[in-house]
Structures are given as C-alpha cells and as structure tokens.
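Single-structure report; data block below.
The values are calculated or read from the model by the stated rules, or taken from the named source; none is laboratory data. Please read all numbers here as calculations on a predicted model, not as lab measurements. Using ideal geometry, Cβ is built from the backbone for each residue, glycine included, and neighbour counts are taken over all protein chains shown.
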Amino acid sequence: MRVLVTGSAGHLGEALMRALPAEGRECIGVDVLPSPHTSVVGSIADRDVVRRCMDGVDAVLHAATLHKPHVASHTRQEFVDVNITGTLNLLEAAVDTGVAAFVFTSTTSTFGRALVPADGEPAAWITEDVVPVPRNIYGATKVAAEDLCELVHRDHGLPVLILRTSRFFPEPDDRDEVRTAYADANLKVNELLYRRVDLQDVVDVHRLALERADAIGFGRYIVSATTPFTRRDLAGLRRNAPAVVERRVPGTTERYAALGWTMFPAIERVYVNDRARAELGWTPRYDFAHALDKLVAGEDFRSPLAREVGAKGYHAETTGVYTTRA
C-alpha cells in the first residue's frame, strides 16, 4: 500500500512516517517545511502540488493543518486556504485517482463552546453526538473540512474516516496561570484522565482507520485516552475532582503526594472514546493508570515514539511557549 501523509514535518506526520514503513507501507510525505520525513515540499492549498503527490497513492492520511497556536499569527484566510481548500484539493484528487481510503485528522477543538458547561452544571460528557460550537477560526475551519469529507463521501463513495484527536502535543500549555500552578508532567498526566492521548495511540488509531475505512464508509471518532470516569461522576468532577479520581483510580492521592503533584480541583469535560474502540478495534495503551505505574517505577510515562518525535513548535520564529521548529 502506498500512503500519502500530509503534514509530514509535524508531530503526527513524522510519527506516521516513522511507524508505517516498518509495517511494509510505502509512504510519501508532503509538507510546507522540509524535513527528513518530507518527500515533497509544498502546500496542500496548491492543487498542482496535491495532484503530483497523489500519483499512484492507495490511501491518504491527512494530518496537515493550521493549528490553534496559529490563530494569533495567521489570518483567517490562511486558515481557510490550508484547512478547507487544502482538504478539498486532497478529497477531489483522491476521488479522481481512485484512492481506497481517506483518513482526516480533525480535533476535539471542533466542539468549542460545547465543551464548557454553565456554572453549577455537571461536567460535559463529550461523545461524537455533541453538536460542535466552534470557538475560533481553527475550530470553524476544521468543522467545515469535516463537512467536506462527508459531502465527498456521499457524492462519490470515497471511504472517509474522521479522527477528532485530543491533545498530544508535547509543548507546555499556553496559559501562564496553568504553567505556574502545575509542573508540565503533572499537567499532562492529569489531562490523560479526560482530554489527552499519547502519540503512539494516535498513530495506532490512524493505522486501524486505514484498514477499516472501506468497510465502514464514513465515520467520526473521538480519539483520546480511555477515561476512568462514567456519567455518574460528572457532577462530582465539577465539585471535587480529586475525590472522584481517587475513587476511580485508588492510590492516586498517595502517589501524587509522593511526587509532589496536584490534581485539578475541578474537571469541566470528559472525552469519550467508546465508538473508536468499538468500531475501529482501537485499544489505547497510554492512559492515566499506565502513566501512574510508570512514574512510580521511576520511568517516563510517554511512549518511546512520543519521546523520539519530541517537541517541534508551531512558528518560524520564537513565540512564547510555542517555540521554533527543531
């Protein structure tokens, strides 16, 4: 199988370019930035670049995007050009060349304002059935790109699966108050409870999506580490998250004390990955309990792949916590 990977210089793109060839797949990487994993340097917003990349391709893993950190540095038109026009270029070229599977990397940021409940309300239980309410141009363009994926599937029969991934970036949080209150590892392990996923698990679900796309046809899936919470925990998570976490993962309080760490006082939303596990056969390994076990053993909680890819940043020049690409 010959696979086109867009965004091959990014976190996920590089990870896919590292992992898939080891499974016997031939991969072509395209990105606006040169890298050891980029075969074609060019923009997916350029239809000619896309057509050139699609020659002989059997499947597309579309991970290229302008991200949330670009909201402050790029125009809305640039978001439209890359996230919407670029996706349309890929979809139409995939139809024209008879591609067998198209996997679109979307984001849980599409849910936007639907993620935060009103004061006094329980935490939000976020499944694929929650209606997105985009908060910014990033979310709006990703929702529009998802809709294009569904439209092209319905009009042309192209098998398309959409993976709404939660956080997997290794950079520090962009909120000053959060970075001040929590050590970076403490913050990221806390997030594994409800809004983060390891890069290896993200690669695994993309591989499964390639294999299942033809049989499924079209689908949207939340990709996040499996939460230990249930719907019955939602009210408690807004009032006293540490107590709920201790009940669901006994021993957390003692382990956190030994590490000098702190649990969030409240959690406002929970991403639910049930559909991805059931329909794609996905079994994420790097969840909160796994991270705690690794930390107690004095080991890194991240997957080897996540450590190998490392941090990249999002801008050509230093912009606070989002540093230059390595």
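Here is the figure for segment 205-221: residues that are closer than 23 Å to ALA289 by Cα and surrounded by fewer than 23 Cβ atoms within 10 Å (Cβ to Cβ) total 0.
Can you work out which of the residues in segment 266-299 that are within 24 Å of GLU246 (Cβ to Cβ) and among the acidic types (Asp, Glu) is surrounded by the most Cβ atoms within 10 Å (Cβ to Cβ)? Here the answer is ASP287. Pairs linking a residue in segment 4-25 that is on the phi > 0 side of the Ramachandran plot to a residue that is β-branched (Val, Ile, Thr) and buried (at least 24 other Cβ atoms within 10 Å of the Cβ), with Cβ atoms under 9 Å and 6 or more positions apart or on different chains, are GLY7/VAL30; GLY7/ILE44; GLY7/THR65; GLY7/THR105.
Close contacts from segment 57-83, counting a first residue that is under 15 Å from ILE44 (Cβ atoms) and part of a helix (DSSP H, G or I) and a second that is of a type outside the set (Lys, Arg) and at pLDDT below 95, with Cβ to Cβ under 6 Å and a gap of 6+ residues or different chains, come to PHE79/LEU66; PHE79/ILE137; VAL82/LEU66; ASN83/THR65; ASN83/LEU66. Of all residues in segment 60-74, which are in contact with a strand residue (DSSP E or B) (Cβ under 8 Å, 6 or more places away or on another chain), modelled with pLDDT under 95 and of a type in the set (Val, Ile, Thr)? Of everything in segment 60-74, just one residue is in contact with a strand residue (DSSP E or B) (Cβ under 8 Å, 6 or more places away or on another chain), modelled with pLDDT under 95 and of a type in the set (Val, Ile, Thr), namely THR65. Could you please let me know if THR105 is among the polar types (S, T, N, Q) and over 17 Å from THR165 (Cβ atoms)? The answer is no for THR105.
If only residues of segment 36-56 that are in a loop (DSSP other than H, G, I, E, B) and among the acidic types (Asp, Glu) are counted, the one that is modelled with the lowest pLDDT is ASP55.
From the list ALA140, ALA94, the one residue that fits, being among the small types (Gly, Ala, Ser), closer than 14 Å to HIS67 by Cα and in a helix (DSSP H, G or I), is ALA140. Restricting segment 212-232 to residues that are touching a residue at least 60 places away in the same chain (Cβ under 8 Å) and assigned to a helix (DSSP H, G or I) leaves a set whose member that is farthest from ALA118 (Cα to Cα) is ASP214.
Any chance you could count how many residues in segment 19-35 are in a helix (DSSP H, G or I) and either buried (at least 21 other Cβ atoms within 10 Å of the Cβ) or touching a Leu at 6+ places or on another chain (Cβ under 9 Å) (or both)? Final tally of qualifying residues: 1. Restricting segment 118-168 to residues that are surrounded by 20 or more Cβ atoms within 10 Å (Cβ to Cβ) and of a type in the set (Val, Ile, Thr), the residue that is farthest from ARG196 (Cα to Cα) is VAL152.
Condition test on LEU187, is it over 30 Å from CYS27 (Cα atoms) and outside any helix (DSSP H, G or I)? For LEU187, the condition - over 30 Å from CYS27 (Cα atoms) and outside any helix (DSSP H, G or I) - is not met.
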